[in-house]
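Asker: Right, I'll just put the structure down here and ask away after.
The numbers here are math on the coordinates, done by the rules we state, and not lab data. Keep in mind it's a predicted model, so treat the numbers as computed, not measured. Here the Cβ positions follow ideal geometry from the backbone for every residue, glycine too, while neighbour counts run over all protein chains shown.
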Amino acid sequence: MTVMLPLKEKDKPIVKKLLSAGCCARCVLRFCCVSVQAAYRQAHQETLKELQAFIKEKETNEVQDSMPQTSTHEILKSHDAALSIDVEEPPCKRAKPDPTETDGSESGSAALVSPKNLDQRVCVVCLGILQDLCGPAQAKKIAETVKAENYQFDTLVLSVSLPAQLCVREHSCWLHVKKEVREKGLVLDKDDVIQVKEAFKWIIQGLVAKELVGVAVVGKSPFEVGVEFIHPETESDCHFLAKSCSDCFKPTKNKQSVFTRMAVVKALEKISDAAFLQHYPCPPLEASSGCTPQDIQCLHVSVFIAGRYNKFCRSLPQTPWVIDGERRMESSVEELIAAPILSAFRADGFNFSSSGREDVDVRTLGNGRPFAMELLNPHRCRFSKAEMKQLQETINESSEKVKVRDLQIVTREAMSRMKEGEEEKTKSYTALVWTQKAIEKEDIAFIDDIKDLTLDQKTPLRVLHRRALAIRQRVIHSMNARFVDPHHFYLGLKTQAGTYIKEFVHGDFGRTKPNLCQLLKTDTNILELDVESVDVDWPPPIPE
Ligand code: ZN
């Protein structure tokens, strides 16, 4: 299939100049602002032939006028890059002698360049990206990687990362034709030139979609396939910019090189044409090889899971407990819950959050504590209600230490509901309290009458190493006492979230005031603590 290239007579000198400079056929189309996608999709060798034929159509004065500006060096290239393909063409097409061939003395050398050689020639601007690197072979490679990773998806978006020096080469080429394109009114600005990335996508998207039958390659999708190219040979192309625009290239801790695409683009916007031309060849120099494709990276957006958990064990931390690089407990709440979920969603990792947290020795009973998890790069993302129920059962069968309920997929936005107004929420606890002085039932009866007791709590000693010293006010809404024996009773508390219960009971050397020691006029200590309820109405309950 041949597409009629939408080129006009006035494009001719530009096409000629670009081909002479060593641009590939598709880069020529870009600089001529051709936005007909089909023109890019045909084989670049075909397009090159068409461009050849186009510039050899009856020459106008325009073209001849532009010839004296072309250097001998360019004419040499012109014969190599632009004319050699004609060798293979049937002679009838070449019946009329081409005026450009009589122009120089190298018509013989053009004939010596074989078409194979021409195919190997790397475009000075796109460094091969728009040549064979966006062909069916590359599309097949992308599709095969995607298939091998076995993601669940209907659409995908391609993200393309190109070497930063392509911007420098693009700029050089732009300066090379700037005068002509402006004069002819073809292009007003560098931004009007079709970007390499855009043309690359036009070409390859359809090819990838064809390989992955039933999948649409679109502009926006939860599933992203990253294609990256590097070109070490020309990395130094960018280096001169660091001298002329040093403020654009500040080292950042996450990047390996200061020559990021962003920084290079910024520097190119700042540098004057004269300064650029002084330090960089125009047009760009040829490279011996094309770009190297890197491993294809697949990434699915996170899936969010919520539920409530019970913890029935007094020796289980909520998160992995590591001190000085050494693990203190063999497991944790989040790991016990996460393991079956990660394997079901085939995710790479997770972030766990919950509405508050309990100490390692505290149980969480009742309806449990709301939690949410972000699953990173899930390969599977769709689960029916029945499948979620099954997953919940798998978690619950995997350990006696934790149980989950109301397990469900939620949105990222909904997750914030868990943290919303957390301070105002209430929590209920049961504490087993020891008293130094022997007590009788009547001695603790007054506790039931205490309502809305405001505490001043200095940051507890036990958390002072990770929290700033402050005095926080917290309210105990109500309490009740249940006598056990002369030295023990159960204390029930309904408090504002964030109240330090242990410190309220033992007083934390007077750092919590008032405290239970003061109220009972004897030393008291806390032997056991259970969270009875966390009154956050999220996530919504799932009916059994
Ligand atoms: Zn190119």
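Asker: Let me know the charge dipole size of the chain about its Cα centre in debye, to the nearest 20, where only the beta-carbon of Lys, Arg (+1) and Asp, Glu (-1) is charged.
Answerer: Around 520 debye, computed over the chain.
Asker: In addition: Tell me the net charge near Ser416. Cut-off is 13 Å between Cβ atoms, Ser416 excluded, with +1 for each Lys or Arg and -1 for each Asp or Glu.
Answerer: My count for the surroundings of Ser416 gives -1.
Asker: If the cut-off is a Cα-Cα distance under 18 Å, which lysines reach Lys56, setting aside same-chain residues fewer than 8 apart in sequence?
Answerer: Counting by Cα, and skipping residues close in sequence, Lys56 has these lysines nearby: Lys8, Lys10, Lys12, Lys16, Lys17, Lys77, Lys93, Lys96.
Asker: Another one. Which of the three applies to region 319-442, rounded, prolate or oblate, going by the alpha-carbon gyration tensor with a ≥ b ≥ c and a/c under 1.5 meaning rounded?
Answerer: It is prolate, given that a/c is not under 1.5 and a/b is the larger ratio.
Asker: Right, another one. Plugging the Kirkwood radius over Cα pairs into Stokes-Einstein for the chain, at a temperature of 4 °C and a viscosity of 1.567 mPa s, what D comes out in µm²/s?
Answerer: Translational D for this selection: 44 µm²/s.
Asker: How high is the relative contact order of the chain? Use alpha-carbon pairs under 8 Å, at least six apart in sequence, and give a whole percent.
Answerer: It comes to 12 percent, rounded to a whole number.
Asker: At what distance in angstrom do the alpha carbon centres of region 125-179 and region 469-512 lie from each other?
Answerer: 63 Å
Asker: Could you tell me how far the Cα centroid of region 259-295 sits from the Cα centroid of region 209-233, in Å?
Answerer: 25 Å
Asker: Next up: For n ≥ 4 DSSP H runs only, could you compute -39500 (n - 2.57) per run for the chain, divide by its residues and tell me the 222 nm figure to the nearest 500?
Answerer: -9500 deg cm²/dmol
Asker: Report the net charge of residues surrounding Ala143, where surrounding means a beta-carbon distance below 10 angstrom and charges are Lys +1, Arg +1, Asp -1, Glu -1.
Answerer: +2
Asker: Could I ask something else about it? Diagonalise the Cα gyration tensor of region 426-534 and give the resulting equivalent ellipsoid semi-axes, square root of 5 times each eigenvalue, largest first, whole Å.
Answerer: Equivalent ellipsoid semi-axes, largest first: 22, 15, 12 Å.
Asker: Moving on. Considering the options Trp321, Val122, Gln294, tell which one lies farthest towards the positive end of the dipole of the chain, charges being +1 on Lys and Arg and -1 on Asp and Glu at the Cβ, about the Cα centre.
Answerer: With unit charges placed on the Cβ atoms, the residue in question is Trp321.
Asker: Let me ask another. With θ set to phi - 60°, apply the Karplus curve 6.51 cos²θ - 1.76 cosθ + 1.60 along region 203-220 and write out the HN-Hα couplings as whole Hz, x wherever there is a Gly or Pro.
Answerer: 7, 8, 4, x, 5, 5, 4, 5, 5, 9, 4, x, 9, 9, 9, 10, x, 9
Asker: Based on Cβ point charges of +1 for Lys and Arg and -1 for Asp and Glu, what charge dipole magnitude is obtained for region 467-544 about its Cα centre, in debye rounded to the nearest 20?
Answerer: So the dipole magnitude of region 467-544 works out to roughly 540 debye.
Asker: Something else now. When the convex hull of the Cα atoms of region 124-301 is projected onto a plane and the area is averaged over all directions, what value comes out in nm²?
Answerer: 11.5 nm²
Asker: List the residues whose amide H sits under 5 Å from the amide H of Cys23, counting only those 5 or more places along or on another chain, with H placed 1.01 Å from N in the peptide plane.
Answerer: Amide H to amide H, under 5 Å and 5 or more residues apart or across chains, Cys23 pairs with Val124.
Asker: Something else now. Within region 413-443, which trypsin sites (Lys or Arg not before Pro) sit in a loop by DSSP and count at most 15 neighbouring Cβ atoms inside 10 Å?
Answerer: Here the sparse-neighbourhood loop sites are Lys437.
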